[in-house]
Amino acid sequence: MNGWTGKMLRVNLGKGTVKTEEINPKTMKDFIGGRGVGSRLLYDEVDAKADPLSPKNKLIFAAGPLTGTSASAAGRYMVLAKSPLTDTIACSNSGGHFGPEMKFAGWDMIVFEGKAASPAYLWVHNGKAELRSARKLWGMKTNETDAALREATDPDARIASIGPAGENRVRFACVVNDLHRAAGRSGVGAVMGSKNLKAVVVRGTGGVTVADGAGFRKECLKVLKMLKDHPVTGQALPAYGTGVLVNIVNESGLLPTRNFQEGMFAKASQTGGEALAEKYLIRKKACFGCPMACGRVTEVKGGAFAGRGEGPEYESTWALGACCGVGDLAAIAKANYLSNEYGFDPISAGVTVACAMELFQKKHITEKETGMKMAFGDAGAMVRAMEMLARREGFGDILAEGSYRMAERFGHAELSMSVKKQEFPAYDGRGAKGIALNFATSNRGACHVRGYMISPEILGVPEKLDPLTTKDKATWDIALQNLTAAVDSSGLCLFTIFGIGAPEISALLARATGAAYTEQSMLKAGERVWNLERLFNLKAGFTARDDTLPPRLLKEKLPKGAAKDQVVELDVMLPEYYSLRGWDPKGVPTNKKLSELGLK
Amino acid sequence: MKKMIEVNEEKCTGCRMCEIVCSQKHHGRFSPSMARIQNFIFDDEPFYFSLCCQQCDDAPCAVVCPSSALTQDPDTGIINLKESACTGCKMCIMACPFGTMTFLSHTGKVQKCDYCGGEPECVAFCPTGALEYKEADLAGAGRRAQFARKMQKSQSVSS
């Protein structure tokens, strides 16, 4: 096969067996790969009402047909499961080099079922795979795990692992690969921990082939040039990393501050990518095959927050910074290093801590519950809370449940800034109605990368939309969500779509796989994936009532800045969204739509 | 005029594109294990660098080869491998001081970088310009200028 390897590993952790299976070629063609094929398997094999932390859940590592090829930024893979944070379908994307290594070893997908009797890791060397004891590794941080496993297997192996947070089933624990890259959101790391699976180790000395070598090469050079010529992918991201967004978003009045009480942060510029470049950046680093090199190798030398690693990215910078009222970049960097080492999502962690800070501010909780002062702006408290939640120590045991369960416990669920119990990322929907609609409708809870409306609404890419209107936002959202689903299934990094689009991506897919992808058929596949995810969530018990936003975004006006006095008019946008998606007014895909997509 | 692939470690981001386009060109698959160039990504002290054959004069690999399979082109200086003459004895792998001669198990013979005959694929695809194919007497100029700028900074009289 070309692009795809056509093969998956099925690992039954309970029985300790490993089996090779062929993936249905029609499934690959119709769902592309990665997110699409993984979601198809989840839908078909996992009871949507299952307890995500029970052995009935499945954990899937899925690369795309382009993963491991010379297409720009073609290093991505997905980790899928039913989420213990949201109870929706979870599909978490990561970069680095793990995905390509899976492909070089000959695998499109690795599926884990059941639960191991004791801590285990999977060692995959080309066509051979075996489960080994991880007893000695349990309790280790991800960086310690990485070093230990390289010694035990192969110095060039690539490793995806959980840290103490995943072992402790922190609801937003993540899977870390290549030391500093992560399948970050929705608690896929907790699912891995619940299965007693410590790590997946892969070494592959084979390779990936493409159907039309000359045609693919030509497309790759064209795409490379487009990305290098574009200001976002060719200049901003390489120079300042994702942190370049801090000042832009703050000046546009939608940088959520102190748990979304405001949209602008006075200390924002002290935490942005420019400040990082000045103070702590050592050099930039790329994922596999990527010309953008947005990765930041950083170090905080000395002081209370000394540490080294990669990041912080824009999202972590905000969640651990402005969202908590913290303007100390060293503290933010330290908290981010901890999130990689312990293996948890810094977005959910930061927003959960911010929620705790507001509960504390309003005296709904006191030091009696928290054991410490939790005031907005307290950098030391924010950093301390990170380790506490990873270890589930003291108040950390409550923080580890995420902002919704915590706020609900203390009688104020409305103070959890989340959708479907997944914490918002770094954009206040009141300042950009399109991203707000995306937050409400995303299949995995609040998520910016499901349909990154910030690109047109704030960055003006591909064209500038007025962020404050609701006009046409449903149309734009749907188009972006469908395109994104296709990109996530292909193995390309989402950042490529700043500079290239469906024509180039479908061409890459066609030349690589030999399958007759057109722009339309690729976008249709994306739409198919989106609808399938929706069907899973409906089976899990979600309804239109869950496509909503916290009362703060619907009713409280932003106090100042470019989006002053704004709220989100979701009641205007949502019906149009359902209608344009071909769903009924209750947000259920109609039979007509399902037949059209081949999902009936 | 001898040419070389100059590797600027400061520009390298560790993306490994050089490896996979090399293997694709010569072996029809994206496979770092089969590449003639290797990208090193060191995380302990962040440093990224690619290594391939340096096309030496009196190349140790050519000197040691028992079947005279390695010869130097008098114009370009490139050390060419005559595959049909290679017996797979692997002596050249040990003779090369840089370790850039590699063995291919699927052919039983060695392989080495030959600058793709004059249009190196890795250079064409390197996204940051960390790999440059240039006349050898022009190499190093960039680094000299960079260092001269440091001297300039150290002697600066303006505040």
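The values are calculated or read from the model by the stated rules, or taken from the named source; none is laboratory data. Keep in mind that this is a model prediction, so the values were computed, not measured. A quick note on method: Cβ atoms are made from the backbone with ideal geometry, for glycine too, and the neighbour counts reach across all protein chains shown. Accessible surface is based on the protein model in full, side chains and every heavy atom, while ligands, DNA and RNA are left aside. Shrake-Rupley method; radii C 1.70, N 1.55, O 1.52, S 1.80 Å.
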Taking the range A:330-370 and keeping residues open to solvent by less than 20 Å² (accessible area, probe 1.4 Å), farther than 26 Å from A:GLY193 by Cα and of a type in the set (Asp, Glu) leaves A:GLU358
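Output the strands (runs of 3 or more DSSP E) that fall wholly within the range A:35-127 and possess 1 or more residues being aliphatic (A, V, I, L, M), in contact with a Pro (Cβ under 8 Å, 6 or more places away or on another chain) and within 14 Å of another protein chain (Cβ to nearest Cβ), or say none. Explain how you work it out, then say what you get.
Working: elements: A:58-63, A:77-82, A:89-94, A:109-113, A:120-125.
Fully inside the range A:35-127 and qualifying: A:58-63.
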Taking into account only those residues within the range A:128-171 that are open to solvent by 10 Å² or more (accessible area, probe 1.4 Å) and in a strand (DSSP E or B), which is farthest from A:ALA390 (Cα to Cα)? A:LYS128
Exactly one of these conditions fails for A:ALA211: (1) more than 22 Å from A:PHE495 (Cβ to Cβ); (2) at the interface with chain B (Cβ under 10 Å from one of its Cβ atoms). Give me its number. (2)
Those residues that are of a type outside the set (Val, Ile, Thr) and farther than 22 Å from A:GLN422 by Cα, I need them from the range A:559-578; list them, please. A:PRO559, A:LYS560, A:GLY561, A:ALA562, A:ALA563, A:LYS564, A:ASP565, A:GLN566, A:PRO575, A:GLU576
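Per-residue answers, yes or no, for (1) crowded, with 16+ Cβ neighbours inside 10 Å; (2) within 24 Å of the chain's Cα centre (by Cα):
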position: A:ALA507; (1), (2): yes, no
position: A:ASN531; (1), (2): yes, yes
position: A:LYS539; (1), (2): no, yes
position: A:LYS592; (1), (2): no, no
Across the range A:375-423, what is the total count of residues that are in contact with a Gly (Cβ under 9 Å, 6 or more places away or on another chain) and not charged (D, E, K, R)? 17
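Here is a yes/no grid of residues against (1) modelled with pLDDT under 95; (2) in a loop (DSSP other than H, G, I, E, B); (3) within 14 Å of chain B (Cβ to nearest Cβ):
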residue: A:ASN259; (1), (2), (3): no, yes, no
residue: A:MET264; (1), (2), (3): no, yes, no
residue: A:ILE282; (1), (2), (3): no, no, yes
residue: A:THR298; (1), (2), (3): no, no, yes
residue: A:ALA304; (1), (2), (3): no, yes, no
residue: A:GLY309; (1), (2), (3): no, no, yes
residue: A:GLU315; (1), (2), (3): no, no, no
residue: A:VAL326; (1), (2), (3): no, yes, no
residue: A:MET357; (1), (2), (3): no, no, no
Among (1) without any contact (Cβ under 8 Å) to a residue 60 or more places away in the chain; (2) not in a helix (DSSP H, G or I), where does A:VAL11 come up short? (1)
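So that you can scan it fast, the table gives a plain yes or no per residue for (1) crowded, with 20+ Cβ neighbours inside 10 Å; (2) of a type in the set (S, T, N, Q):
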| residue | (1), (2) |
| --- | --- |
| A:ASP466 | no, no |
| A:ASN482 | yes, yes |
| A:ALA485 | yes, no |
| A:SER489 | yes, yes |
| A:ALA510 | yes, no |
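Of the residues A:LEU237, A:LEU224, which single one is under 25 Å from B:ARG36 (Cα atoms), open to solvent by less than 40 Å² (accessible area, probe 1.4 Å) and in a helix (DSSP H, G or I)? Talk me through it step by step, then tell me what you get.
Details: A:LEU237 fails: under 25 Å from B:ARG36 (Cα atoms).
Exactly one residue qualifies, and that residue is A:LEU224.
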Please specify each residue of the range B:100-143 satisfying the condition of being within 14 Å of another protein chain (Cβ to nearest Cβ) and β-branched (Val, Ile, Thr). B:THR102, B:VAL123, B:THR128
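Hey, can you tell me all the residues within the range A:191-208 that are of a type in the set (Gly, Ala, Ser), open to solvent by less than 10 Å² (accessible area, probe 1.4 Å) and either facing chain B (nearest Cβ under 8 Å) or not in a strand (DSSP E or B) (or both)? Don't jump to the end; show me each part of the working.
Keep residues of the range A:191-208 that are of a type in the set (Gly, Ala, Ser), which gives A:193-194, A:199, A:204, A:206-207.
Filter again for open to solvent by less than 10 Å² (accessible area, probe 1.4 Å), leaving A:193-194, A:199, A:204.
If the condition is that a residue be of a type in the set (Gly, Ala, Ser), open to solvent by less than 10 Å² (accessible area, probe 1.4 Å) and either facing chain B (nearest Cβ under 8 Å) or not in a strand (DSSP E or B) (or both), then A:GLY193, A:SER194, A:GLY204 are the ones that fit.
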Quick one: A:ARG444 ticks every box in (1) crowded, with 24+ Cβ neighbours inside 10 Å; (2) closer than 22 Å to A:ASN93 by Cβ; (3) of a type in the set (Lys, Arg) except a single one, so which number is it? (1)
